Each structure stands twice: as structure tokens, then as C-alpha cells.
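First the structure, in the form of C-alpha cells, and then the observations on it.
Laboratory data are not the source of any read-out in this text; all were calculated from the coordinates shown. What you are looking at is a predicted structure, and each value in this text was computed from that prediction instead of being measured. As a convention, Cβ positions derive from the backbone with ideal geometry for all residues, glycine included, and neighbour counts pool all protein chains shown.
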Amino acid sequence: MVTIPQILQGTDGIRGRVRLQQENTSLTSLQYFLESGFLTPSFFEHYTYAYAALLLSTGMAELGDKIIVGWDPRDKDGIFNQAAMNGLRKAGLTVVQVGTLPTPAIPLYMIHQGAVGSVVLTASHNPSDQNGIKLFHGFTALKFLPRDDRQLTQIIEDQQTLNLEELPLAADLEDHSQVAKELFISFCCDGKNSWVEKENFNDTILVVDASKGAIGTVAQEIFSTFNFKEVIYTNLEGNINESCGVADLEGREVVTREEITTEGAPFQGYEALRALMDKVDEVPEIKAGGLKLIGLVFDGDGDRCYRLDYMPDEDEVLVSSGDFLGIHQARFLQSQGKTGTFINTVESDLNVAITAENMGFDAILTGVGDKWILLQALLDWLQCQVSSESELHKALLDAREGAQASGLMISKLWKEYQAIDQGKTPRFLLGLEESGHSITPGYLSTPRGTTLFFAGNGIKAGLNSLVAIRALNTSLRHPYEEGVKQTFYTYYVDKSRLQPGHALRQELTDFLSQEVEKVLPPEFNGKIVDFPEESSMLYCKIFQKEKLQGAIFIRNSGTEDKSALYLRGTRELEKYLEQLGTTLHTYLLRKLKNRDNEFAQFELKILEAIHHKTPVEAVAKSFPDLPFARVMKEIELKQHLIFRSQGSWSLTEKGQLFLEA
């Protein structure tokens, strides 16, 4: 019997590996997904049918209303895209398809059209063998929050045996692809959104890494608008996120020439990084410092951005992640006389919020996921638009509690509300995630007038960082006094083991508390705290005389099949956090791995082969359907279980300990 969880979704919608047909036809598509981990076209159709049913049953939509649908390019044959649109149409909603566009373009067009919702078919930064579904609420562009996900999951469960094949397409299909594309390009190039006014980039060569994803459909038309000396476009097509994009740069501060150009090196096959080094060799003025060489790296659906800067003195590439770019943008806003609300998530360096506060911003810390930043940003704006006596104002105050917030309820109330100008200015100015999401107020012209629009937009973030850093002429390497920021991953896990009530959760809580007490000096103390936005996250704050000095937390990824250990703190805690990191990560590798998962079995066989000095390529032949290169990269660069030396593989100390267990 397949157990159906209260919430099917992760941090941002639902994702998984895809398969056109399910072998066990006695299972519903929902049961099959929960049992196998594979999404099918039938699942996509049921999922969007349930989404439409939710909108119709709550009064958010009426039969025939329009809903916007777009996607990234991973579904080459369009089978999953078609299934998702069919589900909406069979439920009675008119589908407006906008084709392949970056994720932020879809809710942007939704707000412009006054549509009741939008669907983005994407697995974001995940590998090309996966797909997924993101949902945005109409009229606000809020993402689904846990309360919304529970409602939708219940409807999917209730309707799972419904035979959708027998239902007719009850509503129309419209194609607005070109209009939606033009709107997004115009939005990104508008100086109010790009921050580009009179800036001249004729001393800059720009390399764009489109991650073989949705950015490829608009990159050339957007970046050609600005006055760069040259723009080099890379990874415009191919297997999405493969040897490109932000995901493999996470946790990296620099990439050396050797890591790019040496045979077998980690980034040898990365087109964007190779293009940077090739341009250095081709143009002596770059090495001499007369020309800037900059890269903007996106993810598959275009809502995240990292920046690359070639550093001529060191002959290496500096990687600026979300934390770095966010502080650069905050300093720029401050230089313009603007301070207000600054939001970041628990994944950031603790000193990011401290730096923002020292600049005069009000810093707010949220759970992981830009949906929490979007919620706070939108609540701030809406509260400036409504009367303090209204039902919506009361709902907004309740929604700030986070865990019980309903994006659907807020969006429905806003749809029905007649806005009154209260003469207030929103406080929100900037929200960021270390992963590369960056949100600043956007200005969208609609048939009903100009409105603020909030969304994670990689292109907007990239352009904003170009303007901010040029204007400030500030240090690229150290925009703030960095603290400890380390993350250790465990792939192919049983995520239920971190849920409240599971035996391992309590065992892990006790182990974490004991290790913190054993390792930290007596003047420091750890305290386990609840994080209402994410009940499965185990979060331990570290205090010194009631002042927060650090944090250790363990959480399931909401987008990939992995869990992570996060270490954050002051430099004073560095050696203690390093010791705790080794102990805790080894413990998690032993305890969280799902031994029934074929990827976990593949990993184990690879490690055994390396231990016994037998060719790992032979192991790959035993698992022909699994991506060997990707798994090797995860074992080496993400879990740090192996390393390469003189052309051969060896186990790290951590890898040896894991194998012995």
C-alpha cells in the first residue's frame, strides 16, 4: 500500500525523473510516482486538472477563465507539456500557452493579462532526465505555500482514480508566445528594472551561460540592447544544465585555469568557462587589465544568476553567488539614498544580514526558497495599498506567521479588493538567496496601469549586479566580512527520516546536541529551535552570552534527492564548526542514505571499485540507464568521498569511513 504524504511538493513545486509509460498499470499515476519516483504524462495531466479544480472550487476562477502555461526546453517532444495543458482544458480553463520562456516571464504575462494563475513546466536547475511543475497564484504571482500545497495534494489524492482520458477538452487553447516573449524582453530592458540608464559597457566583454535552457530564447535580444564591447553566447541549446549553469558552481569561490583547461579536470567540459579562458588568451588587453571579462551564469529556467569575473593578477575566475551579488546591490541602493527591508534565507552567510543592518536596512531571515521572500515582499506592498480596517489587511497580518499563510487566500482577497492609495511607500527593496535568486521591485505596465511585480529573475539580477558593481567600484572578492559558510550534501536519501516523529529524527537531535556541547567551548551554547516554515529542518542556533554567533542545520532539499548539512558562523567558531562538520556529515552519510535507491546502490559499487582499485567504468556497465558522469561528479565535488590524483581515483578519509559503515 502506497502512503500518500500530506504534501507532495518540495520547496518549489514538484520534480522528478520522467518516464513516458509506467510499467505497473494497476497503480494510479500518483501511486506510481510515490512508489518509483517517476513522473509520467498522466501524472502531469492529473496534477494540472487538480490545480484547476482547486481554483474553480475556491472561487478563484470560473469556467473559461484564462491560465498561462510556459516551459523550459527539456521536453523535446512536448508530450508532458501537452498533457499539462490538457488537464487544465478538461477542467474547463482556457489555456494561454507562451512556449519556451524563462520562468519569471510566465507570471509576468499572467499579471499583465489578469489571468487566474500560471503553470511553468520545468525542473529548474535539475538534470535533463527530470521535469517538474511550478505554480503561481493569479493577481499576486505568489508561489504555492505549504498550506496551498496541502490543499492541492488532497485534491490530487481524491481525484487520482478519475479517468481523464474519457473527458473532452472543455476549453480553448490560445498561443501568445510572441507577445509574451516581447513583454519579457521589454520588461528586462526597461531602465527602471535593469537599473541601466547611461552606463556604457564598451570596456567589457560579457560571456552569457544560458545553461542550455529557457534563457536561450531571449538572451541575444536582451543583451544586445546594451553597449558591451562584445557578448559571447554559450550553452544556448543541448541537454539542459549539463556541464553548464549555476548548480555546479555552488560553493565555489574561484575556478582556476587548471580546473578548466587540464584534461580530466572538474570544469574541462564547461563551454562558458572555456570561453572565458580562450578570450583571455586571444585578447592581451584582458590580461593587462584594460578590458573587463565578465560572465553571467543562469540555471535551466532562468530564475537564478551567478556572476563570473576574470582576475588577471591571479589568472583565475572569481565566482560571485547570491550572497555576494545581493550585498553589492544593497550597497548600490544605499548609495542612491534607499534603505528599507532586506530579506535573505537561512542558507546565507550570517554576516550578510549583519552587513545589511549596518548599512541601515531592516534585515529579515526566512526559510529556504524564494517563495518566502516573495511572500514578505508582496505582503509589504499590499499592506501599503489596503485600508487597515479591511479583511485583506487582517489576512496579511495573519500571513506574516508564515507556516499558516495561504497564497491562495491572499490572492483571492486581492483579486476582489478595490485598492485604495494609502499614501504609503513599500519598505521592501531586496531579497536574496545564496543559490542565486535575487528579487527587487519590478515595474510592469499593464492595460490597467503600472504595477509592482516581484519574481526571481536571473536576467534582472545579472543586469542589476553589473550596474551596482560598476557604480561602486568596490571589492569583488570581499564585499562583506565573510563568516563560516560550509555546506555538505548527502545524495539519494530517505527524506522521511528527518520528519518530526521519525525515530531517526530524535536520534539525530540528541546526537547533534551532544556533539555541539562536547566540541564548543563552555562560553558557547547550542539551542534547538523550531522553524515553522519547514518542519523537517533540524536547526541549532549557537549563542555566546545570548548573542547569536552561528547555526548548524540539517534539511531535506525541496528540489533534488539529497539532504544537506549547513554550517554558518563567525570566524571565531571556524575550527569548531569544521570539526562538527566532519563528524555530522559522516553520521548523515551513514544514516540518511536510502539503500533501496538504485542511485545509492550505484554510488556504493563505485566506491567499492575505487577501494579495490578496479575500473569504475566496469561498474557503469552494470547500471546502463544511470548517468555515470553526473554521479561521479556528485560523489567527488558535492559529497567529497573521492578525489583524483595523477589520473586515478582514491577514497577520501570521509569516503573510507562511509564505506566501512
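Note on Tyr233, Tyr306: ascending count of other Cβ atoms within 10 Å places them as Tyr233, Tyr306, the fewest first. A simple spin-label model places pseudo-atoms 7 Å from Cα toward Cβ; at Asn239 and Ser622 they are separated by 2.2 nm. Cβ-Cβ distance of Thr425 and Thr446, R₀ of 25 Å, FRET efficiency by 1/(1 + (r/R0)^6): the value works out to about 0.75.
Think of the chain as having a plus end and a minus end, set by charges on the Cβ of Lys, Arg, Asp and Glu; of Leu592, Val280, Ser211, Leu592 sits farthest toward the positive end of this dipole. Residue farthest toward the positive end of the dipole of the chain, with Cβ of Lys/Arg at +1 and Asp/Glu at -1: which of Ala618, Ser224, Gln334? Working it through, the farthest residue towards the positive pole turns out to be Gln334.
Classify region 304-389 as rounded, prolate or oblate from the Cα gyration tensor: take a ≥ b ≥ c as the square roots of its eigenvalues, call it rounded if a/c is under 1.5, otherwise prolate when a/b beats b/c and oblate if not. Taking the square roots of the gyration eigenvalues as a ≥ b ≥ c, region 304-389 is prolate. Tell me which DSSP H helices of the chain clear both cut-offs, 15 Å or more of axial length from alpha-carbon atoms and a mean Kyte-Doolittle hydropathy of at least 1.0. Result, helices passing both filters: 458-472. Subtracting the Cα-Cα distance of Glu608 and Lys287 from their residue separation scaled by 0.36 nm leaves 111.1 nm.
Neighbour counts of other Cβ atoms within 10 Å put Ser348, Ser42 in the fewest-to-most order Ser42, Ser348.
Gain on full extension, evaluated as 0.36 nm per residue between Ser645 and Lys547 minus their Cα-Cα distance, stands at 30.9 nm.
To the nearest 0.05, what FRET efficiency results for Asp175 and Thr25 with a Förster distance of 45 Å applied to their C-beta separation? With R0 = 45 Å, the Cβ-Cβ based efficiency is 0.85. With N as its number of residues, the chain has a Cα radius of gyration that, divided by 2.2 N^0.38 Å, comes to 0.94. Helix-only arithmetic for the chain: the sum of -39500 (n - 2.57) across DSSP H runs with n ≥ 4, divided by the residue total, places the mean residue ellipticity at 222 nm at -11000 deg cm²/dmol.
Partner lysines whose Cα lies under 18 Å from the Cα of Lys212, excluding those fewer than 8 positions away in the same chain, are identified as Lys76, Lys181. Shape of region 121-191 from the C-alpha gyration tensor: prolate (a/c of 1.5 or more and a/b above b/c, with a ≥ b ≥ c the square roots of its eigenvalues).
Evaluated with a Cβ-only charge set (Lys, Arg +1; Asp, Glu -1), region 518-661 carries a dipole of roughly 320 debye about its Cα centre, given to the nearest 20. Label region 190-320 by shape, choosing from rounded, prolate and oblate, from the square roots a ≥ b ≥ c of the eigenvalues of the Cα gyration tensor; if a/c is under 1.5 it is rounded, and otherwise prolate applies when a/b is larger than b/c, oblate when it is not. The shape class here is oblate.
Could you sort out which of Lys292/Lys338; Lys192/Lys638; Lys134/Lys460; Lys66/Lys192; Lys412/Lys460; Lys460/Lys593 sit more than 32 Å apart by Cα distance in this structure? Going by Cα-Cα distance, Lys192/Lys638; Lys460/Lys593 fall outside the 32 Å limit.
Value of Rg to Rh for region 605-661, rounded to two decimals, is 0.94; Kirkwood radius and Rg both from alpha-carbon coordinates. For region 14-177, DSSP calls about 40 percent of its internal beta bridges antiparallel.
Coordinate range of the alpha-carbon atoms in region 14-177 per principal axis, descending: 42, 32, 31 Å. Each Lys and Arg contributes +1 and each Asp and Glu -1, all at the Cβ; summed about the Cα centre of the chain, the dipole is approximately 760 debye. Normalising by residue count, region 44-108 has a Cα convex hull of 75 Å³ per residue.
Electrostatic tally near Glu197: other residues with Cβ closer than 12 Å to its Cβ, Lys and Arg +1, Asp and Glu -1, net +1. Computed about the Cα centre, the dipole magnitude for region 190-320 is approximately 340 debye when only Lys and Arg (+1) and Asp and Glu (-1) carry charge, each at its Cβ. For Asp362, the residues 5 or more places off, or on other chains, whose built amide H falls under 5 Å of its own are Gly340, Thr341, Phe342.
Note: relative contact order over region 190-320, using C-alpha pairs below 8 Å and six or more positions apart, is 29 percent.
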